[in-house]
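Remarks on the structure that follows.
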Amino acid sequence: MRVIEMRGRVIREGVAEGEALATSQPISFYGGVDPETGRIVERGHELEGESVAGRILVFPHGKGSTVGSYILLRLKKRGLAPKAIINERCEPIIAVGVIISDIPAVDGVDVGRIRTGDRVRVEDGVVRVYRDD
């Protein structure tokens, strides 16, 4: 097993471990993620149909309306939120969302080094990717 270790900036402290759901495309939580199911519903998005629930969600940055922060909170209250979020650049919509929802988050990470299905651990700004290859 190979381990890739990266350091980032802590947006919301916490520890999380799980399976990565990764994309090179930005995500909008308002209109792009169904708050009732946790599934990505944005048409044409490379993760369309995938659930963010219980995954380590990896994407370059957020986009869209500030309502997206509250969609993250709604997902958390329904047990459908990601375990953690990893970004290249965490903008204010995602930052507020993870803070009010108590979802560990890190940015300043090369998200292109993480693939869907990788086992990932986030702790104190350190991202460890465990890969069988």
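Taken together, the values in this text are just the output of simple stated rules run on the coordinates, not laboratory data. Because the structure is a prediction, the values reported are computed rather than measured. Note: ideal-geometry Cβ built from the backbone for every residue, glycine included; neighbour counts use all protein chains shown.
In µm²/s, what is D for segment 32-73 at 20 °C and 1.002 mPa s, where D = kT/(6 pi eta Rh) by Stokes-Einstein and Rh is the Kirkwood radius from Cα pairs? Mind showing how you got there, number by number?
Numbers: Rh = 10.9 Å.
So the translational diffusion coefficient is about 196 µm²/s.
If the viscosity is 1.002 mPa s and the temperature 20 °C, what translational diffusion coefficient in µm²/s does Stokes-Einstein give for segment 1-79 when Rh comes from Kirkwood over Cα pairs? It would help to have the intermediate numbers written out before the result.
Values: Rh = 13.6 Å.
Answer, rounded: 158 µm²/s.
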### Query
Which of the peptides 82-88, 71-77 is most tightly packed, and how do the rest follow, going by the mean number of other Cβ atoms within 10 Å of each residue?
82-88, 71-77
#### Entry: Debye equation applied to the C-alpha atoms of segment 2-131, log10 I(q)/I(0) at 0.13, 0.17, 0.19, 0.23 Å⁻¹
-0.42, -0.75, -0.96, -1.47
### Query
Roughly speaking, what % of Cα-Cα pairs in segment 48-117 are separated by over 17 Å, rounded to a whole number?
37 percent
### Task
Pop the C-beta distance of Glu5 and Gln25 into the FRET formula with R0 = 35 Å and round what comes out to the nearest 0.05.
0.90
### Message
For the pair Ile100/Ser51, report the inter-label distance in nm, with labels modelled 7 Å from Cα in the Cβ direction.
### Response
2.5 nm
### Query
Length gain on complete extension for the stretch Arg131 to Glu36, per 0.36 nm per residue less the alpha carbon to alpha carbon distance?
31.0 nm
### Task
Rounded to the nearest 500, what is the 222 nm mean residue ellipticity of the chain from helices alone, with -39500 (n - 2.57) per DSSP H run of 4+ residues and division by all residues?
-5000 deg cm²/dmol
